[in-house]
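Okay, so here's the structure we're looking at.
The values are calculated or read from the model by the stated rules, or taken from the named source; none is laboratory data. Since this is a predicted model, take the numbers as computed values, not measurements. Ideal geometry is used to build each Cβ from the backbone, glycine not excepted, and the neighbour counts take in all protein chains shown.
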Amino acid sequence: MKRIIVDKDRCSGCRYCELICSYRDSLVFNPRNSRIRVLKHDELGIDDPTVCHQCAECPPEDTCPTQAFWRDKDNIVRIEEKACNVCYACVEACPHGAVFRPPTQTVPLVCDLCSGEPLCVKKCPTHAITLSTKGSALSPRDFEGRAEAI
Amino acid sequence: MKYYGYAGTVLRINLSTGKIARNELERELIRGFIGGRGFNSKRLFEEIPYGLDPLSPENKLMFATGPLVGTMFPTACRFNVSAKSPLTGILGDSNAGGHFAAEMKYAGYDQIIIEGRSREPVYISIDDDLVRIEDARHLWGREVYETDKILRENIKDSSARTAIVGPAAENGVKFAGIFADLMRAAARTGVGTVMASKRLKALVIRGSKPVQVADPDRFMRISEEIEDAIYRHPQYWPRVKMGTTRILTPVNEMGLLPTRHFTQGVFEHASEVSGERLAEKYNVKSRGCFSCNIPCSRFYNVREGRFSGLKGEGPEYEALSAFTARVGNRDLALALKANDMANKLGLDALTTAECISWSMECYAKGWLSNEVADGLDLSWGNGETILTLIEKIARREGFGHVLADGVRAASQKLGFGEEIAMHIKGLEMIQADPRGLKGYGLGFAVASRGGDHLRAEPFIELSDDPKRGIKLFGVPEATRRLEWKGKGKLVSYFENWCAVVDALEICKNIAENMEVLPFPKAAEVIRAATGLNMDADAVAQVGERIVNIERAFLVRGGITRKDDTMPSRFLREPFTNGNSKGSVFELEPMLNEYYAERGWDLRTGIPSRQKLKQLDLGYVADAINTR
């Protein structure tokens with residue numbers, strides 16, 4: 001089971017991940033079209049890459065009215081473009097805020113792991129974003145008690 | 001054809017009338033000046049008339065970014081802010097990194113020009129095409145961080161980027177800065193003062209438009225090549241660990257660390273305040289600017305002592321060494337506090353430290369009495385005095401009011417200390433003594449914004465590699481820091497390079513100091529990003545054009561060779577100890593060589609008509625009426 005793990009204490013906030021992610025889809029640069037976002041809090045020096053962690057509970061039951069929010073045969077969380085009615089219920093439902101609303105008000109954006117070799121992992125200068133292949137899917141509980149940045 | 005990389009729009013906002021205009025970015029501006037500092041300097045020359053009062057509504061405040069900003073090109077994140085400077089009366093500009101510039105690009109603007117003056121305090125909110133002038137009365141008087149917090153609460157979007165002026169700017173301190181992302185200071189030459197004079201408290205920007213390059217595959221290939229060059233560079237880890245503060249120790253070892261207001265070149269407590277010390281004692285995390293793979297900014301956290309709880313980013317070398325060696329202070333935490341105060345109040349840390357250290361030298365010499373200085377004990381390194389003066393300057397209280405117009409004006413007002421007021425053309429000098437670094441010194445003397453190193457940064461004079469000196473500049477001395485020969489050619493070359501880097505709005509530390517983007521490489525990436533067909537010579541010529549139009553702006557204001565000088569201490573008093581012992585600054589022969597290399601008149605330092613015409617600046621030659 002592959003999933004992306006982030007370490008916000010290592011993240012420098014450079015947003016290379018956002019740039020390469022948006023470039024992959026459209027060959028242009030636009031962080032607002034990225035499937036990973038770095039939340040920043042400059043006063044406290046916090047840079048927190050927010051991305052889908054393939055939580056075991058996802059998709060939450062009865063979230064998507066059209067069942068477009070699903071897990072594919074490799075168990076990867078996806079939003080099926082054709083089935084999506086663009087209601088953004090999934091954006092609201094994700095407890096990590098890892099499903100994003102694009103500026104064009106089209107199908108929500110969620111990490112698809114780049115067919116198993118995520119470009120953000122490859123590009124991250126500080127190795128704050130890594131790919132884990134171990135164990136089963138994470139549950140939200142696994143994030144509890146993680147060290148608060150600074 | 002369309003030029004890629006650019007957003008293609010110039011936004012003009014008149015705060016007197018409330019008029020907001022969008023104009024197409026001019027093609028000749030792109031071809032002649034590339035971006036950023038180039039755009040601003042060209043427009044300043046054309047739109048700011050001779051004799052204009054910098055604090056009048058007619059002054060213009062220009063933000064500009066470059067064609068690579070918003071892409072994944074390493075370090076492409078910077079912006080220039082320009083205006084006629086209230087501190088120096090000549091060209092004013094300052095440059096900062098962070099995330100502001102990219103957001104400006106995503107919102108769809110290459111340049112934002114603020115004109116006029118609002119009646120009430122306002123801030124400008126930009127959300128793509130939606131540009132609004134909003135009431136800022138509730139923000140006026142507030143410090144930078146506080147202002148940012150209130151603005152964010154209001155818009156509920158943490159991804160918005162801000163550029164803010166602090167109370168110092170509002171109070172008319174002539175060296176107030178503009179602070180992007182809280183701590184990215186564009187603070188030299190008083191651009192923040194100009195912003196506040198327009199009653200403009202902040203810009204808040206959000207953008208969602210894409211930035212597209214001409215040849216994506218090629219562009220990504222070059223970007224990756226540059227990225228690798230940065231990762232492999234021997235300076236990579238020192239910079240990640242210490243940023244520019246890594247140079248404090250070597251500058252001290254070379255005997256040119258301005259100590260106690262340039263009275264010495266060696267600070268005996270350097271090891272207590274060095275970059276190494278800062279890293280091991282206080283740094284907790286590396287932070288980077290937008291699209292940068294070498295995160296050289298450091299977040300610090302003071303966990304003990306009287307400043308316990310203090311946290312923030314930086315400081316960089318200039319602020320660190322200015323609030324330590326320059327003022328004779330050996331308390332590192334106090335220097336962090338001083339820098340933090342300057343950031344929050346909105347001051348230029350360098351100029352502030354010059355004003356304080358100048359006062360301290362005047363006090364040591366017995367010229368300045370306690371009474372004039374509000375009863376403060378101005379002994380070298382007095383921490384309480386340093387912090388009190390920062391606050392007083394920002395509030396224009398008592399003796400702070402005297403210092404708030406800069407060191408040149410303070411010395412004139414008080415009637416003493418003019419010869420030791422360490423400024424060039426009104427801009428307070430940086431933390432490197434020109435007696436120990438001749439090429440840098442020449443760069444200070446001729447810099448178009450006054451006493452500053454960022455116009456030239458001729459770092460290879462530190463290489464001590466005579467072969468390189470001969471190859472590039474014809475003489476082995478060019479690459480030896482204590483020699484003067486070849487420095488005219490050296491500075492001319494590096495000024496052109498820095499101008500290109502500033503026009504592209506990428507990081508000078510990386511592109512120039514780490515030598516990852518020489519002219520041929522710059523030409524390649526410009527072509528891949530924009531589609532502009534330029535070879536290395538054409539790119540170098542853009543740099544030369546920028547330097548020349550800036551010089552013309554100065555010449556029109558009355559600047560000539562006599563102003564390309566520096567305080568007499570550097571010309572007459574040799575260092576008495578350290579590894580630059582015995583050295584003075586040989587100004588005149590260096591100037592001769594520099595003007596000759598530039599094609600400027602030897603007697604006056606004015607660009608010749610022939611040179612300007614060669615750079616397609618015939619109209620500039622007419623405007624300044626040169627021969």
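Some observations on this one:
- Exactly one residue among B:LYS209, B:LYS198 is closer than 30 Å to B:LEU61 by Cβ, within 12 Å of chain A (Cβ to nearest Cβ) and not aliphatic (A, V, I, L, M), and that residue is B:LYS209.
- Answer from B:VAL501, B:VAL491 - the residue that is in contact (Cβ under 8 Å) with a residue 60 or more places away in the chain and crowded, with 24+ Cβ neighbours inside 10 Å: B:VAL491
- Any hit, the stretch A:123-138, residues being free of Cβ contacts under 8 Å to residues at least 12 places away in the same chain, within 14 Å of chain B (Cβ to nearest Cβ) and surrounded by 21 or more Cβ atoms within 10 Å (Cβ to Cβ): no
- Of all residues in the stretch A:102-122 being more than 21 Å from A:ARG71 (Cβ to Cβ) and outside any helix (DSSP H, G or I), the one that is nearest to the other protein chains (Cβ to nearest Cβ): A:PRO103
- Selection from the stretch B:311-331 of residues that are over 19 Å from B:MET183 (Cα atoms) and part of a helix (DSSP H, G or I): B:THR324, B:ALA325, B:ARG326
- Residue within the stretch B:536-558 that is surrounded by fewer than 21 Cβ atoms within 10 Å (Cβ to Cβ) and closer than 19 Å to B:PHE73 by Cβ present: yes
- Residues of the stretch A:7-16 that are surrounded by fewer than 22 Cβ atoms within 10 Å (Cβ to Cβ) and either within 7 Å of chain B (Cβ to nearest Cβ) or in contact with a Pro (Cβ under 6 Å, 6 or more places away or on another chain) (or both): A:ASP9 alone.
- Exactly one residue out of B:TYR50, B:TYR3 is aromatic (Phe, Trp, Tyr) and either assigned by TED's automatic domain parsing to the domain that holds B:ALA196 or within 22 Å of the chain's Cα centre (by Cα) (or both): that is B:TYR50.
- Every pair of residues 6+ apart whose Cβ atoms lie under 6 Å, when the first sits in the stretch B:208-237 and is among the acidic types (Asp, Glu) while the second is surrounded by 15 or more Cβ atoms within 10 Å (Cβ to Cβ): B:ASP215/B:ALA528; B:GLU227/B:PRO74; B:GLU227/B:ASN293
- Note on the stretch B:153-173: among residues that are more than 14 Å from chain A (Cβ to nearest Cβ) and among the polar types (S, T, N, Q), the one that is nearest to B:GLY98 (Cα to Cα) is B:ASN154.
- Some residue of the stretch A:82-93 being among the β-branched types (Val, Ile, Thr) and under 30 Å from B:ARG218 (Cα atoms): no
- Hey, A:ARG3 over 30 Å from B:ALA528 (Cα atoms), under 14 Å from the mean Cα position of the chain (by Cα) and either away from chain B (no Cβ under 13 Å) or buried (at least 22 other Cβ atoms within 10 Å of the Cβ) (or both) or not: yes
- Those strands (runs of 3 or more DSSP E) of the stretch B:32-120 in which 2 or more residues are at pLDDT 95 or above, buried (at least 24 other Cβ atoms within 10 Å of the Cβ) and not β-branched (Val, Ile, Thr) occupy B:61-65, B:79-84, B:91-96.
- Matching option when the condition is crowded, with 18+ Cβ neighbours inside 10 Å, modelled with pLDDT of 95 or more and within 11 Å of chain B (Cβ to nearest Cβ), among A:LEU19, A:LEU27: A:LEU19
- Unmet requirement for B:THR351, which otherwise passes all of (1) outside the structural domain of B:GLN264 (by TED's automatic domain parsing); (2) closer than 20 Å to B:LEU257 by Cα: (1)
- Taking the criterion of being of a type in the set (S, T, N, Q) and under 15 Å from the mean Cα position of the chain (by Cα), the residues of the stretch A:21-35 that qualify are A:SER22, A:ASN33, A:SER34.
- The single condition from (1) outside any helix (DSSP H, G or I); (2) at pLDDT 95 or above; (3) surrounded by fewer than 21 Cβ atoms within 10 Å (Cβ to Cβ) that B:GLU588 fails is (1).
- Test result for A:THR66, more than 13 Å from every other protein chain (Cβ to nearest Cβ) and among the hydroxyl-bearing types (Ser, Thr, Tyr): yes
- Residues that are more than 25 Å from B:THR71 (Cβ to Cβ) and either more than 7 Å from chain A (Cβ to nearest Cβ) or part of a loop (DSSP other than H, G, I, E, B) (or both), drawn from the stretch B:290-310: B:ARG298, B:TYR300, B:VAL302, B:ARG303, B:GLU304, B:GLY305, B:ARG306, B:PHE307, B:SER308, B:GLY309, B:LEU310
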